[in-house]
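**Student:** Have a look at the structure that comes next, please.
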Amino acid sequence: MISTTEFRSGVAVVLDGQLWTIVEFQHVKPGKGGAFVRTKLRRMRDGSVIERTFRAGEKFQEAYVEKRTFQYLYRTADAFHLMDTASYEQLQVPASALGQAAGFLKENMELEGQFHEGQLIGIQPPMFVDVHVQSTEPGVRGDTSKGGMKPATLETGATIQVPLFIEPGDLIRVDTRTSSYVSRV
């Protein structure tokens with residue numbers, strides 16, 4: 001059992017029969033009334049996020065989430081094929097399990113698989129990936145009054161917005177959580 005006083009980001013709890021991880025938490029002690037904890041929780045099955053408030057001292061069942069390292073091998077029409085780096089066992093994961101980050105995966109990249117009670121509940125790609133820009137239109141200075149952006153197609157097939165100075169062939173760093181340009185490498 002885990003109490004609200006032990007909440008930390010990334011802790012997994014069972015709530016209403018479902019598995020949730022704590023994204024954010026804040027202990028609040030108002031001048032009048034009892035203390036409470038304001039949280040943001042992410043459902044492990046589908047990634048939806050909710051905000052929920054709990055009284056201080058409430059107890060929940062803590063869930064054990066096993067993390068294993070996988071290597072991305074290749075993609076078929078609707079699935080990604082991964083290999084467990086410890087046991088060399090292969091696993092086929094639907095594209096929906098990776099969400100928008102699926103567009104940034106390169107072969108032989110390492111991913112983190114999360115398991116609860118022997119079942120796969122999520123695949124976490126690296127936070128940042130370095131990919132080459134395959135094609136983009138030339139950016140013309142003076143097109144905007146502020147820092148302008150233009151669409152660029154990456155070697156993995158994904159399309160993101162990049163600054164005007166990025167050219168085809170450039171190696172850029174992309175944040176897989178937000179599908180956004182970070183820097184040129």
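The values are calculated or read from the model by the stated rules, or taken from the named source; none is laboratory data. For clarity, every value in this text was computed on a predicted model and none was experimentally measured. Neighbour counts are summed over all protein chains in view; Cβ atoms, including those assigned to glycine, are modelled from backbone coordinates with ideal geometry.
**Student:** Assess whether V162 counts as being assigned to a strand (DSSP E or B), in contact (Cβ under 8 Å) with a residue 60 or more places away in the chain and outside the structural domain of L82 (by TED's automatic domain parsing).
**Tutor:** Criteria not met by V162.
**Student:** A further question follows. Those residues that are assigned to a helix (DSSP H, G or I) and of a type in the set (S, T, N, Q), I need them from region 95-111; list them, please.
**Tutor:** Those that are assigned to a helix (DSSP H, G or I) and of a type in the set (S, T, N, Q): S96, Q100.
**Student:** Identify, from the list R45, R75, the residue that is under 27 Å from T156 (Cα atoms), modelled with pLDDT under 85 and basic (K, R).
**Tutor:** Working: R75 fails: modelled with pLDDT under 85.
After applying the criteria, what remains is R45.
**Student:** Within region 14-39, how many residues are among the aromatic types (F, W, Y) and at positive phi? Give the steps one after another, and end with the answer.
**Tutor:** Of the residues in region 14-39, the ones among the aromatic types (F, W, Y) are 20, 25, 36.
Right, trim to at positive phi and you get none.
So the answer is 0.
**Student:** Would you check if R75 is surrounded by 11 or more Cβ atoms within 10 Å (Cβ to Cβ), of a type in the set (D, E, K, R), within 15 Å of V23 (Cβ to Cβ) and within 20 Å of the chain's Cα centre (by Cα)? Give the steps one after another, and end with the answer.
**Tutor:** On the way: surrounded by 11 or more Cβ atoms within 10 Å (Cβ to Cβ): yes; of a type in the set (D, E, K, R): yes; within 15 Å of V23 (Cβ to Cβ): no; within 20 Å of the chain's Cα centre (by Cα): yes.
No; evaluated as a whole, the condition is false for this residue.
**Student:** Continuing with this model, one more query. Does F70 fit the bill of being in the same structural domain as E112 (by TED's automatic domain parsing), out of contact with any helix residue (DSSP H, G or I) (no Cβ under 8 Å at 6 or more places or on another chain) and within 21 Å of H116 (Cβ to Cβ)?
**Tutor:** On the way: in the same structural domain as E112 (by TED's automatic domain parsing): yes; out of contact with any helix residue (DSSP H, G or I) (no Cβ under 8 Å at 6 or more places or on another chain): yes; within 21 Å of H116 (Cβ to Cβ): yes.
It is true that F70 is in the same structural domain as E112 (by TED's automatic domain parsing), out of contact with any helix residue (DSSP H, G or I) (no Cβ under 8 Å at 6 or more places or on another chain) and within 21 Å of H116 (Cβ to Cβ).
**Student:** Can you give me the number of residues within region 172-185 that are part of a strand (DSSP E or B) and loosely packed, with under 13 Cβ neighbours inside 10 Å? Show your work before the answer.
**Tutor:** To start, the set of residues in region 172-185 that are part of a strand (DSSP E or B) comprises 172-175, 180-184.
So of that shortlist, the ones also loosely packed, with under 13 Cβ neighbours inside 10 Å come out as 180, 183.
Of the residues in that region, 2 qualify.
**Student:** Scanning for something surrounded by 15 or more Cβ atoms within 10 Å (Cβ to Cβ) and more than 19 Å from the chain's Cα centre (by Cα), does region 96-117 turn up at least one residue?
**Tutor:** No, every residue in region 96-117 fails to be surrounded by 15 or more Cβ atoms within 10 Å (Cβ to Cβ) and more than 19 Å from the chain's Cα centre (by Cα).
**Student:** Then there is this: Can you pull out the residues in region 7-65 that are among the small types (G, A, S), in a loop (DSSP other than H, G, I, E, B), closer than 24 Å to Q119 by Cβ and out of contact with any helix residue (DSSP H, G or I) (no Cβ under 8 Å at 6 or more places or on another chain)?
**Tutor:** S9, G10, G17, S48, A63
**Student:** Of the conditions (1) of a type outside the set (D, E, K, R); (2) part of a strand (DSSP E or B); (3) within 28 Å of R184 (Cα to Cα), Q92 clears all except one; give me its number.
**Tutor:** It is condition (3) that Q92 fails.
**Student:** Somewhere in region 121-138, is a residue farther than 30 Å from G10 by Cβ, assigned by TED's automatic domain parsing to the domain that holds S179 and assigned to a loop (DSSP other than H, G, I, E, B)?
**Tutor:** The answer is yes, given that some residue of region 121-138 is farther than 30 Å from G10 by Cβ, assigned by TED's automatic domain parsing to the domain that holds S179 and assigned to a loop (DSSP other than H, G, I, E, B).
**Student:** Pairs, please: C-beta under 8 Å, at least 6 apart or cross-chain, first residue more than 25 Å from Q18 (Cα to Cα) and outside the structural domain of S180 (by TED's automatic domain parsing) and in region 97-120, second among the polar types (S, T, N, Q) and assigned to a strand (DSSP E or B)?
**Tutor:** N108/Q71; M109/Q71; E110/T69; E110/Q71
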